[in-house]
Each structure stands twice: as structure tokens, then as C-alpha cells.
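Working notes for the structure below.
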Amino acid sequence: MASEQHIAIASDADIVVARQATRALTVELGFSSSDQAGVATAVSEIARNIVEYAQSGEIVIRVALNGGHRGIVVVARDTGPGIDDVEIAMGDGYTTGRGLGLGLPGARRLMDEFDIVSKVGKGTTVTMKKWVR
Amino acid sequence: MQVPILKQRHYLIASIQGALTDADLLRLCDDLLEQVGKFRSQGVVIDVTVLDVMDSFATRTLRSISQMLKLRGAGTVIVGIQPDVAFAMIQLGLRLEGAVTALDLEEGIAFLDKGKKEGQRTWPVSST
Ligand SMILES: Nc1ncnc2c1ncn2[C@@H]1O[C@H](COP(=O)(O)OP(=O)(O)OP(=O)(O)O)[C@@H](O)[C@H]1O
Ligand SMILES: [Mg+2]
């Protein structure tokens with residue numbers, strides 16, 4: 001298992017690449033098929049946010065280990081405009097674009113752990129984890 | 001990857017063959033609108049069986065496709081959403097409201113036939 005994969009995100013085709021790499025790693029790790037779909041969906045949303053709001057960035061996926069537990073860590077970074085009020089942005093239905101405002105809150109529901117750090121003018125980093133059950 | 005569209009009687013069948021980019025989905029939308037007009041199709045089935053992810057963009061696009069086709073007088077049925085995909089969509093908070101869904105291609109066509117026989121002028125907007 002490659003220890004870490006970096007996927008450059010700059011276009012809609014890269015979103016597909018990130019989704020497929022994530023799916024492959026979750027299969028390797030032995031996630032249930034429904035968790036495989038869930039993690040890939042969360043990655044798709046976060047990757048699309050990079051393309052839509054920051055134009056470019058990267059997604060890093062790697063294996064997470066915690067005692068006897070295995071899982072996947074996804075880190076999505078960009079140096080885009082950042083988010084003014086992260087708490088508001090995490091709410092269902094909040095959007096500054098043409099979306100439904102479901103990407104961030106939905107990804108949080110799909111994953112076990114979700115953390116977002118953002119600074120206006122500096123960029124956004126989303127870190128998410130999901131453990132194999 | 002371009003989605004092939006087959007003409008079958010007065011229907012069009014779009015069977016997605018693999019992962020789609022956002023651009024591919026928008027192209028599918030354009031292609032269907034064009035072909036529905038060209039062939040005077042009365043219904044469209046979009047088969048998404050192979051999709052292992054349906055995120056917010058895909059859902060939104062499929063929903064607008066079905067709304068646009070409705071304005072062109074054609075019913076749309078989305079068939080083959082996998083159980084795991086459906087589960088993830090619900091957790092994400094997505095609904096396919098305004099689009100008709102069916103289990104598989106056969107049921108999708110049966111649904112369109114039924115609507116035709118009953119002479120419905122407006123197709124059911126929602127299956128829920
Ligand atoms: N990487 C990012 N950089 C800057 N702003 C972001 C980023 N990600 C999200 N945002 C901001 O947070 C808002 C909410 O994001 P979220 O993904 O929840 O919804 P959306 O992208 O607007 O719609 P949807 O994801 O449903 O299509 C966005 O409208 C945008 O203003
Ligand atoms: Mg989004």
C-alpha cells in the first residue's frame with residue numbers, strides 16, 4: 001500500500017481521479033461497500049469545492065492507524081480565498097455559489113472525523129477520517 | 001467519457017458506461033435535449049447502474065436534465081441507482097426530487113409506456 005498519495009486538483013477531471021484513488025484505497029483497507037461509496041462521495045464534494053472556490057489545490061490520502069484500528073485520512077488543501085465564517089459555511093444550505101450548500105456538512109456526516117481550518121486570503125484545509133468497522 | 005444514447009422506439013436510452021466528469025454530465029444534458037427534439041422522443045431513460053458515486057453535482061445535473069426534458073414534452077426516468085450510492089446520497093443530504101426513478105431499464109421503460117397509455121400530458125414529477 002503506497003503510504004501517501006498526492007493528487008493535484010485543478011479541474012473536473014481531477015475530481016474523478018481523486019474519487020477513484022480514494023475508492024481504491026478504501027477497497028484495499030477493507031471498508032464496507034457502503035462506506036466506500038460514502039468516503040468517495042465526501043472526497044468528491046471537497047475536491048469540487050477546491051476547483052470551484054480556490055481553482056486549484058491538492059488532496060492527500062493515506063492510511064490511518066489508531067491502536068488496532070485502520071482507516072483513511074483525507075487532507076484537502078488550497079491557497080484560495082478562504083472562508084470568512086467556517087461555522088456558517090458548515091451549515092446545511094449555506095452557499096455563496098450555485099450549489100445546494102450540502103458539500104461541507106454532507107462530507108462531515110459521511111465521515112467519522114472532520115476538521116476544517118480556513119483563513120481569508122490564505123486558504124482552506126479540510127482533514128477527514130473514516131475508520132474501518 | 002461520452003455517454004452513448006440509443007434510440008429505441010419513441011424513447012431514448014442513455015447508458016452511462018463509466019465515471020463521468022462534470023463536463024461529461026453537462027454534455028449528456030445538451031445531447032439529450034438535442035436528440036429529444038430531433039427524434040421527437042416521448043421519453044428518456046438514463047441508466048446510472050455503473051456510477052459508484054453520485055455527488056451533489058451529478059444529482060443536481062440529473063435533476064435539471066429531467067426538468068428541461070419535461071419542458072420539451074419528454075418524461076425522464078433515472079434507473080439503476082445502487083443501494084450504497086443511494087445511502088451516501090441521503091447522508092449527504094441529496095434528494096432526486098422532481099425526477100422519476102426506477103429499479104432498472106425494464107422498469108423504466110414500463111413506467112414510460114404506462115404514462116403513454118394513460119395519455120398523460122404531464123409526466124409525474126416525483127416518485128416520492
Ligand atoms: N475550499 C474552499 N475555499 C473557499 N471557500 C469555500 C471552500 N469550500 C467551501 N467554501 C465556501 O463554503 C460554502 C459552502 O460550501 P459547500 O460545499 O457546503 O456548499 P456549496 O459548494 O456552496 O454547494 P454544494 O456543495 O452543495 O454544491 C461555499 O459556498 C463557499 O462559499
Ligand atoms: Mg460544495
message: Name the single residue that is surrounded by the most Cβ atoms within 10 Å (Cβ to Cβ) among those in segment A:23-32 being free of Cβ contacts under 8 Å to residues at least 24 places away in the same chain and more than 8 Å from chain B (Cβ to nearest Cβ).
response: A:A24
- prompt: Given the structure, is B:L69 within 14 Å of chain A (Cβ to nearest Cβ) and either charged (D, E, K, R) or not in a loop (DSSP other than H, G, I, E, B) (or both)?
  reply: no
query: Out of segment A:81-100, which residues are within 11 Å of ligand 2 (Cβ to nearest atom), of a type outside the set (F, W, Y) and out of contact with any Phe, Trp or Tyr (no Cβ under 9 Å at 6 or more places or on another chain)?
result: A:A89, A:T95, A:R98, A:L100
field: Matching residues in segment A:96-122 - criterion: being surrounded by fewer than 18 Cβ atoms within 10 Å (Cβ to Cβ), more than 19 Å from A:G71 (Cβ to Cβ) and modelled with pLDDT of 95 or more
entry: A:V117, A:K119, A:V120, A:G121, A:K122
message: Taking the condition of being in contact (Cβ under 8 Å) with a residue 12 or more places away in the chain and not in a loop (DSSP other than H, G, I, E, B), how many residues in segment A:53-90 meet it?
response: 23
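Have a look at A:D78, A:D35 and point out the one that is closer than 26 Å to B:R60 by Cβ, away from ligand 2 (no atom under 16 Å from the Cβ), buried (at least 16 other Cβ atoms within 10 Å of the Cβ) and of a type outside the set (A, V, I, L, M, F, W, C).
On the way: A:D78 fails: away from ligand 2 (no atom under 16 Å from the Cβ).
Step by step, each of A:D78, A:D35 is checked, and only A:D35 is closer than 26 Å to B:R60 by Cβ, away from ligand 2 (no atom under 16 Å from the Cβ), buried (at least 16 other Cβ atoms within 10 Å of the Cβ) and of a type outside the set (A, V, I, L, M, F, W, C).
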task: Quickly run through segment B:42-62 and pick out the residues that are outside any loop (DSSP other than H, G, I, E, B), touching a residue at least 12 places away in the same chain (Cβ under 8 Å) and at the interface with another protein chain (Cβ under 10 Å from one of its Cβ atoms).
output: B:S56, B:F57, B:A58, B:T59
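The values are calculated or read from the model by the stated rules, or taken from the named source; none is laboratory data. A quick note: this is a predicted structure, and the numbers were derived from the prediction, not measured. We place every Cβ from the backbone using ideal geometry, glycine too, and count neighbours over all the protein chains shown.
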